[in-house]
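Below is one structure, written out as structure tokens; comments come after it.
The values are calculated or read from the model by the stated rules, or taken from the named source; none is laboratory data. Note that this is a predicted model, so its numbers are computed, not measured. Cβ placement follows ideal geometry from the backbone for every residue including glycine, while neighbour counts extend to all protein chains displayed. Note: accessible area is taken over every heavy atom of the protein model, side chains too, but ligands, DNA and RNA are not part of it. Shrake-Rupley method; radii C 1.70, N 1.55, O 1.52, S 1.80 Å.
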Amino acid sequence: MEIFEFTNSSVFISGLTVFVLACFIGYYVVWSVTPALHSPLMSVTNAISSVIIVGALYAAGPLDNNIAKIFGLIAVVLASVNIFGGFIVTYRMLSMFKKKTKNK
Amino acid sequence: MSSDLTLILYLISAVLFIFSLRGLSHPESSRRGNIYGIAGMALAVITTLSTKIVINYFEISIAIIIGGSIGTLIALRIKMTALPQLVAAFHSLVGLAAVFVAAAAFYRPEAFGIGNFGDIHRSSLVEMSIGLFIGAVTFSGSVLAFCKLQGLVSGNPVTFKFQHALNGLLLLVILILILFFVANEIESYFWIIVIISILFGILVVIPIGGADMPVVISMLNSYSGWAACGIGFTLSNNLLIITGALVGSSGAILSYIMSKGMNRSIISVILGGFGGEQSQTQSEKDSDKTFRQGNAEDAAYILKNSESVIIVPGYGMAVAQAQHALREMCDILKREKIKVRYAIHPVAGRMPGHMNVLLAEANVSYDEVLELEEINPDFPMTEVSFVIGANDVTNPSAKSDKSSPIYGMPILDVERSGTVLFVKRSLATGYSGVDNDLFYRNNTTMLFGDAKKMCEDIVKSLDNI
């Protein structure tokens, strides 16, 4: 009862394998994050989810003029805002989390 | 660069991202974690730029410079109290970027090796539609969350008749459209899916408001990850799949922790409609109750004659920007050899961990800031609890009153301490709309006023004693 024939099903299955295993890694790694750092966790995950820029770069890569290139370039701009903004704001937050010396 | 080498470098980049999250397990290792994240991202971008397909360096550099400068400028200027809005805004960008990448893949599939325009592999079309749908929902949902947090629209939940039916219907429409899109690959369907998904994203977030905002932000955080995942599947790119899964599960766990902090199921949060105007009648009914009111001098006297104090901050502290004045007050107390600690409820503030960041900003050492489970047993041995800007998270009726909407929510046991000093602007209810029984207890003294001004006045009085 196949609705769609997966012409490259092995590619999909290997992607799915990677996906499921990555979810487990994410699960265990994130539970080890201390609750005090949940805000930096959000901003850093936000920054790294902009790795979608990789897809945008492939689209913006060729030299010809094509609507896909415009879309790619827009996505590059959006993802760059996020990458720079996300990592810098995380840096700002984390640099405040310090153990203070006594009598300060 | 050979494609095998590219894939290996992507794998290294993914591992760096895992290390980045791992670093956040402790404040001391967290800064290194951020560096790993930056390194992973730099590696991913440079690797992609070195592939044979990507040669349009001039325009790409301009795009990165424009985006990078905007991001840098915003990140350097943003106030820590406005962090939730900022994160929501950033989530919307990831969603929108996902939509554009999906569009680019649709119009030029050959660049991604998924077929030719008008003849894309069916499986890729399925993955593309899913990435597109999640991306568009993330985008519009985050924009609305941003507007709610920024106060551009009312933060109260908006509910109307047949809301869930409408959402269900829209979801069904999107599903049917995706089926048609995959079968026929018609351009206009692509954009109709985008528009309806955007509408759906707004409708998903609109019924959620007030105290549920931390869950909304975490959920959108999760969606932005799944959107990256969807694009990763479309492009058969493991780096995107791994990173998306990491982010997606991170957001999902945070949503779970936040919902648990309010003793609500994620489902009931998503269905929305909690808080806001309801239960007003209850507070009118109780208006004849008596409470004790004090001023800054009374508070200073009580604080100075105690041995240990627990500070309970909430969102009100952030609104009043009172964290610096508060820390100044605590510094004076510490000089008097009074033990000062801070108690943070999981859902204090408008995003997970918000209070910890604000206290860190005010130079409070992180080892004085404790979580609910760590500090609750210490309240009975504490002379003074100083509640500033928090409300619902201290309400004892969550433990006793089965009819209360917040019944069962874990709360900070401030009522067990000797004296409760409660800084608040008025007797108004918190976000849950529930009257706080704590105001009328014998050991509670209400300090009416702006949180920041009150702390400054207490500092002055402490100096005069």
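How about region A:42-97: which of its residues are closer than 30 Å to B:F117 by Cα and not in a helix (DSSP H, G or I)?
A:G61, A:P62, A:L63, A:D64, A:N65, A:N66
Please go through region B:107-140 and pick out each residue that is at the interface with chain A (Cβ under 8 Å from one of its Cβ atoms) and touching a strand residue (DSSP E or B) at 6+ places or on another chain (Cβ under 7 Å).
If the condition is that a residue be at the interface with chain A (Cβ under 8 Å from one of its Cβ atoms) and touching a strand residue (DSSP E or B) at 6+ places or on another chain (Cβ under 7 Å), then B:H121 is the only one that fits.
Considering only residues that are open to solvent by less than 30 Å² (accessible area, probe 1.4 Å) and either at pLDDT below 85 or over 31 Å from the mean Cα position of the chain (by Cα) (or both), which ones fall in region B:108-154?
B:R108, B:P109, B:A111, B:F112, B:I114, B:G115, B:I120, B:S123, B:S124, B:L125
Of all residues being more than 20 Å from B:A322 (Cβ to Cβ) and of a type in the set (S, T, N, Q) in region B:420-463, which is surrounded by the most Cβ atoms within 10 Å (Cβ to Cβ)? Just the residue, please.
Selected residue: B:S432.
In this structure, is B:I332 crowded, with 17+ Cβ neighbours inside 10 Å and either within 20 Å of B:G433 (Cα to Cα) or more than 9 Å from chain A (Cβ to nearest Cβ) (or both)?
yes
When you scan region B:51-74, do you find a residue that is within 9 Å of another protein chain (Cβ to nearest Cβ), within 20 Å of the chain's Cα centre (by Cα) and either within 30 Å of B:G151 (Cα to Cα) or open to solvent by 10 Å² or more (accessible area, probe 1.4 Å) (or both), even just one?
For region B:51-74, residues within 9 Å of another protein chain (Cβ to nearest Cβ), within 20 Å of the chain's Cα centre (by Cα) and either within 30 Å of B:G151 (Cα to Cα) or open to solvent by 10 Å² or more (accessible area, probe 1.4 Å) (or both): present.
Closer than 30 Å to B:G430 by Cα and more than 24 Å from the chain's Cα centre (by Cα): is that true of B:K161 in this structure?
Here the answer is yes, as B:K161 does meet what is asked.
How many residues are open to solvent by less than 10 Å² (accessible area, probe 1.4 Å) and within 7 Å of chain A (Cβ to nearest Cβ) if we restrict to region B:233-243?
The total comes to 4.
Within region A:34-80, work out how many residues are open to solvent by 10 Å² or more (accessible area, probe 1.4 Å) and of a type in the set (V, I, T).
Number of matching residues: 5.
Take region B:198-212 and flag every residue that is surrounded by 24 or more Cβ atoms within 10 Å (Cβ to Cβ) and touching a Phe, Trp or Tyr at 6+ places or on another chain (Cβ under 9 Å).
Result: B:G201, B:I208, B:G209, B:A211, B:D212.
Name the one entry in B:E307, B:E368 that is within 14 Å of another protein chain (Cβ to nearest Cβ), more than 25 Å from B:I217 (Cβ to Cβ) and either modelled with pLDDT of 90 or more or crowded, with 19+ Cβ neighbours inside 10 Å (or both).
Of B:E307, B:E368, the one residue that is within 14 Å of another protein chain (Cβ to nearest Cβ), more than 25 Å from B:I217 (Cβ to Cβ) and either modelled with pLDDT of 90 or more or crowded, with 19+ Cβ neighbours inside 10 Å (or both) is B:E368.
How many residues are without any contact (Cβ under 8 Å) to a residue 24 or more places away in the chain, part of a helix (DSSP H, G or I) and within 24 Å of the chain's Cα centre (by Cα) when one looks only at region B:9-47?
The total comes to 17.
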